[in-house]
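Before any comments, here is the structure.
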Amino acid sequence: MTRIALLSVLGVASLCAQDWARQAVDKSPRHREWVTVKHDGRSVETFIAYPEVSTKAPVVLVIHEIFGMSDWVEEVADEFAAAGYIAVAPDLLSGMALGGGRTKDIPNGRVGEYIGKLPPDQITADLNAAGDYGRKLPASNGKLYVAGVCGGGGQTFRFATNRPDLAAAFVFYGPPPAADAMARIHAPVYGFYGGNDARISATVPDTQDKMKAAGKTYEPVIYEGAGHGFMRAGEQPDPTPANKKAREEAWSRLRSLIK
């Protein structure tokens with residue numbers, strides 16, 4: 001079984017067990033809405049969560065994981081809003097399901113397969129369009145950040161090579177881009193990794209060397225005892241102490257980095 005297929009199978013159980021995330025979103029007092037962001041013949045369904053603040057706020061572009069635009073990603077977007085930021089979370093699978101649907105319209109167990117077939121240039125264009133939409137909102141202060149987890153973490157790092165006006169990129173346990181692409185990065189990149197996730201965290205030292213050679217800012221933190229996916233696992237019912245601690249510390253660090 002391929003990794004994509006395995007993650008798809010695991011994703012079914014994970015997505016079906018997200019009642020707690022759905023309930024958290026539905027109970028939120030903050031304004032949330034779905035909008036359609038159009039560009040180059042595409043219509044990207046995008047979830048937006050607004051903070052309850054009296055001043056204009058930074059925008060955080062939230063890139064979903066390999067399981068697509070799930071209830072948990074909506075909940076994360078709402079958490080960003082709770083922290084005082086406008087969260088913009090595009091469903092990158094918009095238009096890719098049978099009949100032109102999005103993540104929710106893809107058969108159980110096949111979301112990872114669809115994610116794996118997305119053209120990289122299309123992903124970049126979707127993210128650029130969603131980022132532009134967010135920056136132009138009347139409530140935005142014009143600053144654009146990007147954050148993503150797992151596969152979305154890798155896309156976050158890659159997006160930093162394609163978007164020169166980012167204020168910062170927050171990579172949660174995602175792989176780095178090719179070394180030659182790092183030269184195009186303008187924003188500081190902050191990494192968040194699990195100590196028990198050697199598949200990803202073992203890439204950190206080499207990434208540090210390559211980013212340093214390219215003259216770029218890259219500041220990773222590895223959270224001892226935390227596994228891959230600790231941002232989700234750390235808040236689900238009955239989390240391990242290490243995942244819960246890593247999630248809390250990661251949120252605290254992230255909030256300190258958004259100005």
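Condition test on Ala81, is it closer than 15 Å to Glu33 by Cα and open to solvent by less than 10 Å² (accessible area, probe 1.4 Å)?
yes
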Inset, instruction - Would you mind telling me which numbered condition in (1) part of a helix (DSSP H, G or I); (2) closer than 22 Å to Lys259 by Cα; (3) of a type in the set (Gly, Ala, Ser) Gly142 fails? - result: (1)
Inset, instruction - Tell me which of these Pro164 doesn't satisfy, since it passes every other one: (1) more than 16 Å from the chain's Cα centre (by Cα); (2) surrounded by fewer than 17 Cβ atoms within 10 Å (Cβ to Cβ); (3) more than 21 Å from Pro90 (Cα to Cα). - result: (3)
Legend entry - All positions within the stretch 210-242 that are free of Cβ contacts under 8 Å to residues at least 40 places away in the same chain, in a helix (DSSP H, G or I) and either within 17 Å of Gly174 (Cα to Cα) or open to solvent by less than 50 Å² (accessible area, probe 1.4 Å) (or both): Lys210, Met211, Ala233
Legend entry - Qualifying position, being open to solvent by 20 Å² or more (accessible area, probe 1.4 Å) and either touching an Asp or Glu at 6+ places or on another chain (Cβ under 6 Å) or in a loop (DSSP other than H, G, I, E, B) (or both), among Leu98, Leu93: Leu98
Inset, instruction - Residue by residue through the stretch 26-54, note down the ones that are in contact (Cβ under 8 Å) with a residue 60 or more places away in the chain and open to solvent by less than 60 Å² (accessible area, probe 1.4 Å). - result: Val35, Val37, His39, Arg42, Val44, Thr46, Ile48, Tyr50
Legend entry - Count of residues meeting criterion [closer than 18 Å to Arg158 by Cβ and crowded, with 24+ Cβ neighbours inside 10 Å] in the stretch 57-67: 6
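One line per residue, one yes/no per condition, for (1) in a helix (DSSP H, G or I); (2) out of contact with any strand residue (DSSP E or B) (no Cβ under 8 Å at 6 or more places or on another chain); (3) charged (D, E, K, R); (4) over 22 Å from Glu248 (Cβ atoms):
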{"residue": "Ser43", "(1), (2), (3), (4)": "no, no, no, yes"}
{"residue": "Val60", "(1), (2), (3), (4)": "no, no, no, no"}
{"residue": "Glu74", "(1), (2), (3), (4)": "yes, no, yes, no"}
{"residue": "Ala87", "(1), (2), (3), (4)": "no, no, no, no"}
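Would it be correct to say that Ala198 is small (Gly, Ala, Ser) and in contact with a helix residue (DSSP H, G or I) (Cβ under 7 Å, 6 or more places away or on another chain)?
Details: small (Gly, Ala, Ser): yes; in contact with a helix residue (DSSP H, G or I) (Cβ under 7 Å, 6 or more places away or on another chain): no.
It is false that Ala198 is small (Gly, Ala, Ser) and in contact with a helix residue (DSSP H, G or I) (Cβ under 7 Å, 6 or more places away or on another chain).
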Inset, instruction - Can you work out which of the residues in the stretch 101-130 that are hydrophobic (A, V, I, L, M, F, W, C) and in a loop (DSSP other than H, G, I, E, B) is farthest from Ala160 (Cα to Cα)? - result: Ile106
Legend entry - Evaluation of Ala183 against (1) open to solvent by 20 Å² or more (accessible area, probe 1.4 Å); (2) touching a helix residue (DSSP H, G or I) at 6+ places or on another chain (Cβ under 9 Å) (one fails), failing number: (2)
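The values are calculated or read from the model by the stated rules, or taken from the named source; none is laboratory data. On a predicted model such as this, the values are computed, not experimentally measured, just so you know. Cβ coordinates were reconstructed from backbone atoms using ideal geometry, including for glycine residues, and neighbour counts include every protein chain displayed. The area values use the complete protein model at the heavy-atom level, side chains included, leaving out ligands, DNA and RNA. Shrake-Rupley method; radii C 1.70, N 1.55, O 1.52, S 1.80 Å.
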